[in-house]
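Q: This is the structure I have questions about; it appears just below.
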Amino acid sequence: MPKVRGKRMMDLLTVNNLNFYYGSNKSLDGVTLPIRRNCVTSLIGPSGCGKTTLLRCFNRMHDLYPGNRYEGEIVMDGRNILDKGEDLITLRSSLGMVFQKPTPFPMSVFENIAYGLRLRKVRNTALLKEKVEKSLRQAALWEEVKDRLKESALGLSGGQQQRLVIARTLAVDPEAVLFDESTSALDPVSTQKIEDLMVELKKEVTIVAVTHNMQQAARISDYTALMYIGKLVEYDRTEIIFTKPKHKMTEEYVLGRFG
Amino acid sequence: MSADHRKNLLFKALTCLAAVSVLGIVVGILAVILMESFPALKHFGIGAFLGGRDWNYTREIYGALRPLTGTVVSTGIALLAAVPLSLGTAVFLTEICPHRLRGAFGAAIELLAAIPSIIYGMWGLFVLAPFLDEWVQPAVGSALGGVPLIGSFFVTKSAGGVNLFSASLVLAVMIIPFITSIARDAFEQVPDVLKESSYALGATRWETVRKVVSAQSASAVGGGVIIAMGRALGETMAVAYVIGNRHASLDSLFSPYTTITSVIANEFNEAGGIQLSSLFTLALVLFIANFLALGVGRRLVKGKEK
């Protein structure tokens, strides 16, 4: 028992034998892995392997569309977040998500960051200002936008918009941020900034990153999970996955022989 | 080769002719309206005509103020009633309605747009007007009639339900399908990932619609409302049936009144001289207003789609 308790402290999420169905199509098959606190975990694998599907199970994004079904469990703070009674609003704000393309809302920079706070009925202007500045600083965007907080967020560059989305997510104090190929639409310089940011942010939050880019997984992540056709092939410390993996398939994938 | 070439030239010439003739019709109509309205404009002056209260056959003084007021007020009430209903329907269709019912529900609403306006007029006259007269007007009158200054505006002064309010509600029903379908298209244009970004921050469906979907589609929806406004301004038969056609001061929402279109429809056949020219001038005002509404509305609707 003490061992289990210790594990719970270390892991933000524990995925146990997770199956996921889009209608009758089984897209995740018996996935089991931990998501360690204050680490970067990368989910890699060829297109259609289920890595994004898995990521979207964590914040129950699939519930927005009809006909999707989960089996198994994802344990967080001792409860299965796949249970019918799970409060999705609280769950989603504690597991923030950053998408492939930047998704600034058509409103000012300030209002974008304040969005989640206003949903929580934060009306105190001083507090809002303080949180907006703090979040923008955390996302390494403050210096670039501090004089244009009232301008539309749509006027920022792509890389700035993606950091804005990260700041918007951080503003509601999440436990984790889920990145869904969040640098694939960005130029190399912006990508570098976001990667640096992920490594910096893991001091405060847990990071899960779906990525197509194996070098990126190797550079930034502490743990890496390789998926293939809905199954978890191998999960381990990143250096092991990339240097001495247990499975032949993992070795071939990280060497670029398939995928 | 040369035969092909000749065919090609003929083809170009024919399509060009078709396009030019359509343009010619528009220009021709505008020219006729301008020419025919010139005597009245010259006789009364633009300001005096637009601001003139009288529509007097014996003294031959014609002013646009009452028909203009009727058109503006009826269109305004129609928009007030139709916009919330249409937006609510569009939100339901895009965000809440189960997917398998969306097609049927949407088609039913588009069917409203396929009903000829004369049928709306008949419905307004035989069903809506008596209903309002019996059930709604007395209630509104007793509720608001005692309010100082504006109270008498809500009191029924002539029976039958043929009045400005009935006409406005018929107009509202007629423009609902247009606003609904433009708003639905605009809401559907909002990328899923933008909505997901809102949900991912812990927003509810209502919060996402109210804050993100509305901001993203505001200009297209605004354009749709303006296009619908243009339709309401120009709608003729349904209004002519139920408005009562009375040239008098607007003493109550529930009194018969007049609009630009209804006065033209009612008097055009028997009018001559300066009265006919005055009717053409009203037509010119309507033409310009409609042209502007359609132009601005289209631009707004298209602008966001890019």
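The values are calculated or read from the model by the stated rules, or taken from the named source; none is laboratory data. This structure is a prediction, so every number in the text was calculated from the model and none was measured. Cβ: placed from backbone, ideal geometry, glycine included. Neighbour counts: every protein chain shown. Surface areas here come from the heavy atoms of the whole protein model, side chains and all, with no ligands, DNA or RNA. Shrake-Rupley method; radii C 1.70, N 1.55, O 1.52, S 1.80 Å.
Q: Leaving out ligands and nucleic acids, note down the accessible area per residue over chain B with a 1.4 angstrom probe, in whole Å².
A: With all protein chains present, chain B gives 51 Å² per residue.
Q: Sorting A:R237, A:R60, A:R36, B:R6 by accessible area (1.4 Å probe), largest first, what list results?
A: Working: A:R237 95, A:R60 15, A:R36 45, B:R6 155 Å².
So, going from the largest accessible area down, we get B:R6, A:R237, A:R36, A:R60.
Q: In region B:64-305, what percent of the accessible surface is made up of carbon and sulfur (1.4 Å probe, ligands and nucleic acids excluded)?
A: With neighbouring chains kept in place, the figure for region B:64-305 is 69 percent.
Q: For A:G72, which sequence-distant residues (separation of 5 or more, or a different chain) have an amide H within less than 5 Å of its own amide H, given hydrogens modelled in the peptide plane?
A: A:N19
Q: Let me know the Kirkwood hydrodynamic radius for the protein assembly as shown, please, with Cα pairs as the basis and the value in Å to one decimal.
A: Result for the protein assembly as shown, one decimal place: 28.6 Å.
Q: Follow-up question, since we're still on this one. For A:T32, enumerate residues with amide H under 5 Å from its amide H, sequence gap 5+ or separate chain, H modeled in the peptide plane.
A: A:N17, A:L18, A:L232
Q: From the residues B:V147, B:S158, B:A271, which one has its Cα farthest along the dipole of region B:64-305 in the positive direction, the dipole being from +1 and -1 charges on Cβ of Lys/Arg and Asp/Glu about the Cα centre?
A: Going by the charge dipole, the pick is B:V147.
Q: For chain A, which whole percent of the accessible surface, found with a 1.4 angstrom probe, sits on carbon and sulfur atoms?
A: Ligands and nucleic acids excluded, carbon and sulfur reach 51 percent.
Q: Compute the accessible area per residue over region A:1-141, keeping the other protein chains in place, probe 1.4 Å, unit Å².
A: The answer is 45 Å² per residue.
Q: If you don't mind, there's one more thing I want to ask. Have a look at A:D29, A:D173, A:D83 and tell me which one the Gaussian network model of chain A (Cα, springs below 10 Å) gives the largest fluctuation.
A: Most flexible of the set in this elastic network: A:D83.
Q: With all protein chains present, calculate the accessible area of B:S181 using a 1.4 Å probe and round the result to the nearest 10 Å².
A: Counting only protein heavy atoms, B:S181 exposes about 30 Å² to solvent.
Q: Okay, next question. How big is the Kirkwood radius of region A:2-254, worked out from every pair of different alpha carbons and given in Å to one decimal? Numbers along the way, then the final one.
A: Values: mean 1/r = 0.0532 Å⁻¹.
Hydrodynamic radius (Kirkwood, Cα pairs) of region A:2-254 is 18.8 Å.
Q: I would also like to ask the following. Using a loss threshold of 30 Å², tell me which positions in region A:86-117 are less accessible in the complex than in their chain alone. Probe radius 1.4 Å, ligands and nucleic acids ignored.
A: Correct list: A:I89, A:R92, A:F99, A:T103, A:F105, A:P106, A:Y115.
Q: Separate question: With θ set to phi - 60°, apply the Karplus curve 6.51 cos²θ - 1.76 cosθ + 1.60 along region B:120-131 and write out the HN-Hα couplings as whole Hz, x wherever there is a Gly or Pro.
A: 4, x, 5, 4, x, 6, 8, 10, 5, 4, x, 5
Q: Which listed residue (A:A153, A:Y65, A:L117) has the Cα farthest towards the positive end of the charge dipole for chain A, taking +1 on Lys and Arg C-beta and -1 on Asp and Glu C-beta about the Cα centre?
A: Going by the Cα projections, it comes out as A:L117.
Q: Once B and A are treated as a pair rather than alone, how much accessible area drops out, both sides summed, in Å² to 100, probe 1.4 Å?
A: 1900 Å²
Q: Same structure again: Taking θ as phi - 60°, what are the ³J(HN,Hα) couplings along region A:68-84 by the Karplus curve (6.51, -1.76, 1.60), each to the nearest whole Hz, with x for Gly and Pro?
A: Rounded to whole hertz, the list is 9, 9, 10, 9, x, 9, 10, 9, 9, 6, x, 10, 7, 6, 8, 4, 4.
Q: Using the Kyte-Doolittle scale, find the helices of chain B whose mean hydropathy is at least 1.0 and whose Cα atoms extend 18 Å or more along the helix's long axis, counting only whole DSSP H runs.
A: Correct list, ordered by number: B:2-44, B:65-91, B:164-189, B:273-305.
Q: Which whole-angstrom value gives the distance between the alpha carbon centres of region A:107-132 and region A:198-259?
A: Region A:107-132 and region A:198-259 have Cα centres spaced 36 Å from each other.
Q: Let me ask another. With an 8 Å cut-off on Cα pairs and a minimum separation of 6 or more residues, tell me the relative contact order of region A:2-254 in percent.
A: So the answer I get is 28 percent.
Q: Running a GNM on chain B with Cα contacts under 10 Å, which residue among B:I96, B:I226, B:I109 ends up with the highest mean-square fluctuation?
A: B:I96
Q: Considering chain B as a Gaussian network with a 10 Å cut-off on Cα pairs, which listed residue, B:N266, B:N56, B:N163, attains the greatest mean-square fluctuation?
A: In the Gaussian network model the winner is B:N56.
Q: At 7 Å along the Cα-to-beta-carbon direction for both B:F131 and B:E188, put a label point, then send me their distance in nm to one decimal.
A: 2.9 nm
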